[in-house]
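Undergrad: Dropping the structure in here first, questions after.
No lab work stands behind these numbers, since they all come straight from the coordinates. Here the structure is a predicted model, which means the values were calculated and not measured. Here Cβ is always computed from backbone atoms with ideal geometry, including for glycine, and neighbour counts include all displayed protein chains.
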Amino acid sequence: MDILSVIQFKPETWPMPIMAFLRITTIFFFLPIFGDQVVPTRLRILLGLAFTFFLYPLVSDKMYHTDKLLQWSAVTLAMATLHEVFFGFAVGFAAKLVIYAVSVASHTVGINMGFQVASMFSPGLNDHESSFSVMKNWFVIILILTLNIHHIFIEGIVKSFLTVPIAGIPDKVALTRVAVSVIQEAFELGIRLAAPLLAVQILINISLGLLNRALPSLNVFIVSFPLSFLISMIILFISITSFMSLLGNYGMEKEVAWFESMRRVFVPVNSP
């Protein structure tokens, strides 16, 4: 099966590149960096089209095929379309969970530091976030580019056609298990990232409460904000290296593991 047979629109071949285009484009719509709202929709569609044009002729002979793919009825085509869109969403969402974990952690810390007033637009999440959240989200993007994690995402797209069949059947038990595990680990990552500053802020609040009981004349509400902000910023600058190391060693490893786990949930119907 080569690109010429696709261009000639033979009945037995034309649905395959369309399904491949749907899979690649859907993944690009949810991947970190590529799927950010700041990237125009037309550009993401063009990326999916370009990847399909260059990738499909290379992997078409190695893809898993099933007997059903040779009989493209309306029902089969609809089911295959839903499969590819859902597969692209699952893989892209798993890859972007570390962004959401960092966003939750930084948003929680930012509220306690008083950054909820100083909000700005986050193009990655298409929403207004605290400046602290936007800063940490940019740290994640820089790490992804520095550690070449985006290369792993692209490699995973290529490998998906070799291991995951078009219109294949997902393992429902494995899919549920992986989904729960991914969300649990993302929540754990967010807590680990926010833990140092949250612990410091709890200690500050306890200290201010004791100080208020010892000195009732002291206006704690006026002192608490600048004191909490100053100490939190000092702890932030001290722990920024640990934060980057945790994201680099643990967060990015989990990012790749989640991406690979979601990719492997969809098992082939028949052997090649």
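Undergrad: Lys and Arg at +1, Asp and Glu at -1: add these up for the other residues within a Cβ distance under 15 Å of Leu47 and post the number.
TA: Taking every other residue near Leu47 into account, the sum is +2.
Undergrad: Taking the highest mean first, how do the peptides 18-25, 39-46 order by number of other beta carbon atoms within 10 angstrom per residue?
TA: Most protected by this proxy first, the peptides run 18-25, 39-46.
Undergrad: Still on this model: For Thr25, what is the net charge nearby, where nearby means another residue's Cβ is under 12 Å from its Cβ and Lys, Arg count +1, Asp, Glu -1?
TA: Summing Lys/Arg as +1 and Asp/Glu as -1 gives +2.
Undergrad: Give, in nm to one decimal, the length gained when the segment between Ser73 and Ile141 is fully stretched (0.36 nm per residue of separation minus the Cα-Cα distance).
TA: Full extension of this stretch gives 20.2 nm more.
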